[in-house]
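The values are calculated or read from the model by the stated rules, or taken from the named source; none is laboratory data. Bear in mind the structure is a predicted one, so any value in this text is a computation, not a measurement. Cβ atoms come from the backbone with ideal geometry, glycine included; neighbour counts cover every protein chain shown. Calculation scope for accessible area: heavy atoms of the full protein, side chains included, ligands and nucleic acids excluded. Shrake-Rupley method; radii C 1.70, N 1.55, O 1.52, S 1.80 Å.
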Amino acid sequence: MTSARSSAARKRGAERGGEGTAAQGSPGRERRPGAAVRADMHRAGGGGWALAVLLLAASVLGATLLVPGGSLERGAEAAPPRDLDKKRPVELKMDHALLLVHNELERHLTVYWKSECCYQCLFQVLVNVSQSGKSGKPSTAAVSVSTQHGSILQVNDTREKKEVCRLEYKFGEYGNYSLLVKHTPSGVNESACDLVVNEDPVDSNLPVSIAFLTGLAIVIAVSFLRLLFSLDDFNNWISKTINSREMDRLINSELGSPSRADSLGSDAQPATWHLSTHPPRLRCVDTFRGISLTLMVFVNYGGGKYWYFKHSSWNGLTVADLVFPWFVFIMGSSVFLSMTSVLQRGCSKGRLLRKIAWRSFLLICIGIIIVNPNYCLGPLSWDKVRIPGVLQRLGVTYFVVAVLELLFAKPVPENCASQRGCFSLGDVTSSWPQWLLILTLESVWLCLTFFLPVPGCPTGYLGPGGIGDLGKYPNCTGGAAGYIDHLLLGENHLYHHPSSAVLYHTEVAYDPEGILGTINSIVMAFLGVQAGKILLYYKDQTKDILMRFAGWCCILGLISVALTKVSENEGFIPVNKNLWSISYVTTLSCFAFFILLVLYPVVDVKGLWTGAPFFYPGMNSILVYVGHEVFKDYFPFQWKLEDSQSHKEHLIQNIVATAVWVLIAYILYRKKIFWKI
């Protein structure tokens with residue numbers, strides 16, 4: 001974002017390009033006699049209903065802070081610039097700025113544009129500008145330019161196809177700029193381009209900053225309250241301030257009568273009984289799942305329409321690219337932990353296999369229904385049904401990983417953890433058959449990706465097609481991955497609006513949840529299985545667990561460095577969400593192990609954080625995911641905005657919608673309602 005400039009120093013020469021643009025309380029806790037009020041307050045401070053309500057309050061507070069009156073972000077459009085004279089200004093949309101091209105030359109000009117994030121892309125025609133008038137008055141053309149990333153502008157002589165000048169600049173949202181193409185003082189045959197800022201842009205990232213600071217303030221406030229209620233002196237002060245008779249009156253007025261209090265107390269007991277009759281859950285696993293799911297809901301609802309909350313056009317990473325792989329990773333961890341628990345309780349492998357197959361089938365069916373809503377287009381034709389999707393990918397991945405563990409894994413004895421050493425590799429060597437099959441699957445992915453002949457495309461092509469690679473392979477989006485999907489599923493059954501269409505102007509259908517990428521999602525889920533094995537094999541040995549998490553983090557990070565050459569586009573295998581490249585898997589798995597490295601000691605060992613509020617959606621992940629997809633167009637998850645071209649209004653709407661789902665997950669958790677398939 002460009003900074004504010006004085007009107008006297010706003011010119012930018014063509015040679016100076018702008019820089020381009022990143023706690024629930026324990027249900028089973030005993031209440032001390034005569035301290036019911038304090039116990040409730042302590043439990044709320046530990047991350048119960050108060051945190052969920054506070055999260056929703058944060059959204060309301062953010063709305064109050066971000067919408068004081070009119071639309072600040074449209075200020076640049078409100079007053080037409082003087083340079084346009086009587087011409088009607090271009091209507092600006094979100095993530096765009098107004099550019100006025102002034103031509104003082106006696107020849108027609110063509111202005112070309114491309115984004116600096118569009119790798120090896122062809123220039124696209126931005127606007128044509130006629131030659132200056134006979135009176136010497138420059139001709140002017142108005143056009144909007146993207147502000148999401150840095151721009152590269154090239155001005156050519158329309159007739160001679162000769163470059164006049166080129167410049168790079170990062171335009172600011174709703175800014176007003178002039179590009180002056182004029183003769184240099186040295187002679188009429190030489191020309192130069194100057195960029196002038198007529199009106200400063202707005203700070204479009206300000207709503208995100210305010211929302212972040214608001215959330216941070218709430219976290220600090222809740223942490224401070226938890227600290228206070230954990231101090232005996234503070235609790236004693238409360239008990240002295242409120243006499244016991246007043247406390248009894250408050251309790252009776254709240255509960256109605258002592259008999260009702262007893263009935264409510266008895267209603268709270270099943271939660272304690274429920275937790276004590278099942279093997280203890282690792283809250284860090286559910287918290288991690290909830291973090292990825294909450295982020296997924298937020299970005300799927302729009303993420304305030306910010307580019308970094310959308311999927312990357314091709315290579316690289318954004319926030320939106322993180323959430324699905326993390327969900328796959330933690331699903332793998334849950335598969336091993338739950339399967340081991342079920343086998344230890346005496347369930348037969350045949351019965352468990354039937355459950356795995358049924359659950360996978362349900363996930364695939366629900367996924368197909370969700371990705372083909374067709375609410376307003378009439379009956380859906382079978383010829384247009386999209387087959388791949390998120391839940392479909394999860395269903396296939398779950399089936400393969402769960403069957404592998406069922407066929408080869410043995411239940412871990414209770415005394416096994418005490419026999420492990422710090423440098424033991426038992427968690428890896430005990431799974432050598434699974435590792436062998438996983439490495440075989442990865443070899444299949446590598447062979448198909450780099451050696452499968454694709455008609456009309458270079459073998460081993462990993463690019464986006466379209467205008468990328470200088471427009472040489474416009475219909476080769478995804479290379480072998482796209483070809484296999486078209487061959488086996490057909491174009492009509494694939495996703496027709498891939499993220500590559502935004503920058504690379506691709507026109508062929510491409511599905512990011514396609515067949516070939518499923519292999520690497522299986523690899524990622526199996527790495528999650530490995531994390532689950534570490535947690536179970538080295539139970540209660542915090543040092544061993546953290547050492548192995550750190551070791552996997554380093555190993556996978558080094559693999560990513562080798563594959564990508566620490567470059568977005570120049571590596572052997574770039575990080576790519578659309579392809580689910582192996583470097584994408586190793587990079588996101590590295591991040592996942594690091595997150596567990598932080599969460600496990602904080603949540604499960606030290607108990608410094610209960611995982612709230614993310615723990616609650618993590619406990620009801622299928623319901624939250626399906627619900628947020630089905631009800632995304634309904635109130636209170638969406639409403640008519642006063643200004644649809646305002647980041648702040650979209651951000652408020654998306655934060656509120658996400659907070660509502662977290663609150664729903666909390667209520668369901670308190671009601672002990674969990675949707676399991």
5 angstrom amide H check on CYS165, placed H, neighbours 5+ away: VAL155
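With every protein chain left in place, what is the accessible area per residue of the range 277-412 in square angstrom, probe 1.4 Å?
I get 43 Å² per residue for the range 277-412.
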For the range 451-587, convex hull of alpha carbons as volume per residue, Å³: 123 Å³
Alpha carbon centroid spacing (whole Å) that separates the range 579-610 from the range 644-663: 27 Å
Residue-by-residue Karplus 3J(HN,Hα) for the range 213-218, coefficients 6.51, -1.76, 1.60, Hz, glycine and proline x: 5, 5, x, 5, 5, 5
Mean Cβ neighbour count within 10 Å, used as a protection proxy, ranking 466-476, 447-457 highest first: 466-476, 447-457
Protection proxy ranking of 606-616, 289-299, 642-652 - average other beta-carbon atoms within 10 Å, highest first: 289-299, 606-616, 642-652
Pairs from LYS305/LYS676; LYS93/LYS632; LYS543/LYS565; LYS355/LYS632 whose Cα-Cα separation, in the structure shown, is over 25 Å: LYS305/LYS676; LYS543/LYS565; LYS355/LYS632
Amide H within-cut-off set for LEU126, under 5 Å, with H built and near neighbours excluded: VAL111, TYR112, TRP113
For peptides 149-155, 225-231, sequence by mean Cβ density within 10 Å, most packed first: 149-155, 225-231
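Where the only charges are on Cβ atoms (+1 Lys, Arg; -1 Asp, Glu), what is the dipole of the range 453-535 about its Cα centre, to the nearest 20 debye?
That gives the range 453-535 a dipole magnitude of about 280 debye.
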